[in-house]
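Participant: One structure follows; several queries about it will come next.
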2 protein chains.
Amino acid sequence: MRYPVEQKAETHDRIIEAAARSFREHGSEGQGVAGLMKEAGLTHGGFYRHFTGKDDLYVDAIARGFQQTADKMIMAAARAPHGEQLRTIIERYLSMEHLEDPGGGCVLSTLAAEIARQRPAVRARINAVMKSYRERLLPFLPGRDDAEKRCRFMVLFPSMAGVLMTARAMTDPAARKEILSAARRFYISAFAQQSSR
Amino acid sequence: MRYPVEQKAETHDRIIEAAARSFREHGSEGQGVAGLMKEAGLTHGGFYRHFTGKDDLYVDAIARGFQQTADKMIMAAARAPHGEQLRTIIERYLSMEHLEDPGGGCVLSTLAAEIARQRPAVRARINAVMKSYRERLLPFLPGRDDAEKRCRFMVLFPSMAGVLMTARAMTDPAARKEILSAARRFYISAFAQQSSR
DNA sequence: TTTATAAGATGACGAGTGTAATCTTTAGTA
DNA sequence: TACTAAAGATTACACTCGTCATCTTATAAA
């Protein structure tokens, strides 16, 4: 390596970061390789020194997105009082702040439908990412054992993603707030109420 | 009009039908105008006799998708015994059949995230379509008045869409069935149980 | 039967895409 | 200091896209 030893890693990281945001905000086909590289402060030519192709970046960018989302929720939960952690996570997930920041928010709410259309090989790699996302958030869910917690996770989080993306599809700000608040009430009483007892 | 009077309407309809299916199955950018017209049995040139552009078709195709979905669910409910109608709708929505037929299924589960990225003018037109979709299904929801029913609708249906799209993003058939069945149990007990009393 | 008009087919254009080959620049090593 | 391997820039290519101008065909009206 003739360039500084950390420089390639940093560049690699910047590309993934730019893609993680752009894919969630505009879809993975919303911006080309050239645009992504520009956001990362480079030109498109160097892209293939870091990735074999756009598909390769796709998985990494989605993995980054899930990591960021989990980080944020875990951090929010850490600041919440005991027994209010899941409640805090739900409130944060179904907030106007999250709605207005798709590029920095949950991947499911922005890209799940697109992931469903990917080739099985790509989907399988993403499933592994989703699994580790789930495992990180599992401790905050109610349930006697992990199996029960997983089951609840797989209902709660995809559901909230559906609510969030539907709220984003609306134009009327009042309607957006209504659907979010109705869903907050419902999911807190269904999942976070019994866990605080 | 020099061509048969009904022919244009029929062609127009075939284009919308092809788009309604293709957009849900592959995303609105998954196939070009030429491909859509081929599916409708025509060449790409005639497209602009029917629509001002692809955006114009977009709204019509999504409207068609919502209509079809509502039709199917209302028809399923009509065949169900009294007090079991919402239960039937939920079971049908969260079924493997629906999962495996994105092109003929719920628009929210396939295109909501994409709709959220459209220009406000396009989104506003689609919101009107979504409203009429909601009104058609409102009678099947529990609640004292329409406001309460609407509130429940806006939680239940977007949530189920989120579950369905997440299940579609998975590769393992067993995992797909598990998430669908967990969600069925949950939503039936949360929404359809009290309505049958 | 002729004519007018609109539907549909054909072909082409410019813009944008992902990818690759080929330069140029960088800094660690000899 | 000279050399070299790798990062990044430049340029180019084949391809697809939405759109439009133009041509052909079909049929209702005269």
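Every number in this text was worked out from the coordinates using simple rules, so none of it is lab data. Because the structure is predicted, anything quoted here is derived from the model rather than measured. Cβ sites come from the backbone with ideal geometry, for glycine too, and all protein chains shown count toward neighbours.
Participant: The protein assembly as shown: percent of C-alpha pairs farther apart than 38 Å?
Facilitator: Working: 16447 of 77421 pairs.
Cα-Cα pairs in the protein assembly as shown separated by more than 38 Å: 21 percent.
Participant: Once the label point is placed 7 Å from Cα along Cβ, list for B:T43 the distances to the corresponding points in the other copies, in nm, shortest first.
Facilitator: 4.1
Participant: May I pose another question? For chain A, take the longest principal axis of its alpha carbons; what is the angle in degrees between that and the long axis of helix A:173-187, to the nearest 10 within 0 to 90?
Facilitator: 60
Participant: Please rank A:H50, B:H44, fewest neighbouring Cβ atoms within 10 Å first, as an exposure proxy.
Facilitator: Numbers: A:H50 20, B:H44 13.
Arranged by neighbour count, lowest to highest, A:H50, B:H44 become B:H44, A:H50.
Participant: While we're looking at this one, here's another question. Using Cα atoms only, what is the angle between the long axis of helix B:7-26 and the major principal axis of chain B, expressed in degrees (0 to 90) to the nearest 10?
Facilitator: Between helix and principal axis, roughly 50 degrees.
Participant: List B:I188, A:I89 from most exposed to least, where exposure is judged by having the fewest other Cβ atoms within 10 Å. Mind dumping the intermediate values first?
Facilitator: Numbers: B:I188 18, A:I89 25.
The most exposed by this proxy come first: B:I188, A:I89.
Participant: Let me ask something additional. Starting from region A:1-86, pick out the GluC sites (Glu not before Pro) whose DSSP state is loop and whose Cβ has at most 10 other Cβ atoms within 10 Å. Walk me through the intermediate numbers first.
Facilitator: Working: sites: A:E6, A:E10, A:E17, A:E25, A:E29, A:E39, A:E84; in loops: A:E6, A:E29, A:E84.
Filter output for region A:1-86: A:E6.
Participant: So, in nm, how far is label A:Q193 from label A:A80 when the simple model puts each one 7 Å beyond its Cα toward the Cβ?
Facilitator: That separation, rounded to one decimal, is 1.6 nm.
Participant: How much net charge surrounds B:S95 when only the other residues with a Cβ under 15 Å from the Cβ of B:S95 are counted, with Lys and Arg +1 and Asp and Glu -1?
Facilitator: On the way: positive: B:K72, B:R79, B:R87, B:R92, B:R168, B:R176, B:K177, B:R184, B:R185; negative: B:E91, B:E97, B:E100, B:D101, B:E178.
Taking every Cβ under 15 Å from that of B:S95, the sum is +4.
Participant: Here's a follow-up. Could you tell me how far the Cα centroid of region B:49-108 sits from the Cα centroid of region B:155-197, in Å?
Facilitator: What the calculation gives is 16 Å, centre to centre.
Participant: Another question, if that's okay. Less than 12 Å Cβ to Cβ from B:V59, Lys/Arg counted +1 and Asp/Glu -1: what total charge do the surrounding residues give?
Facilitator: On the way: positive: B:K54, B:R64, B:R119, B:R123, B:R125; negative: B:D55, B:D56, B:D60.
Spelling it out: positives minus negatives among the neighbours equals +2.
Participant: Which angle from 0 to 90°, rounded to the nearest 10, does the C-alpha axis of helix A:146-168 make with the longest principal axis of chain A?
Facilitator: On a 0 to 90 degree scale, this one is about 70.
Participant: Based only on the alpha carbon positions, what is the Kirkwood hydrodynamic radius of region A:114-173, in angstrom?
Facilitator: Numbers: mean 1/r = 0.0750 Å⁻¹.
Value: 13.3 Å, from the Cα pair sum.
Participant: Moving to a separate point now. Grab the DSSP H runs of chain B that are 4 residues or longer, score each as -39,500 (n - 2.57), total them, divide by all residues and round the 222 nm result to the nearest 500 deg cm²/dmol.
Facilitator: On the way: 10 runs with 135 residues, N = 197.
Theoretical 222 nm ellipticity from helices: -22000 deg cm²/dmol.
Participant: Quick one: what do you get for region A:25-157 if you divide its Cα Rg by 2.2 N^0.38 Å?
Facilitator: Numbers: Rg = 16.7 Å, N = 133, 2.2 N^0.38 = 14.1 Å.
So region A:25-157 has a normalised radius of gyration of 1.18.
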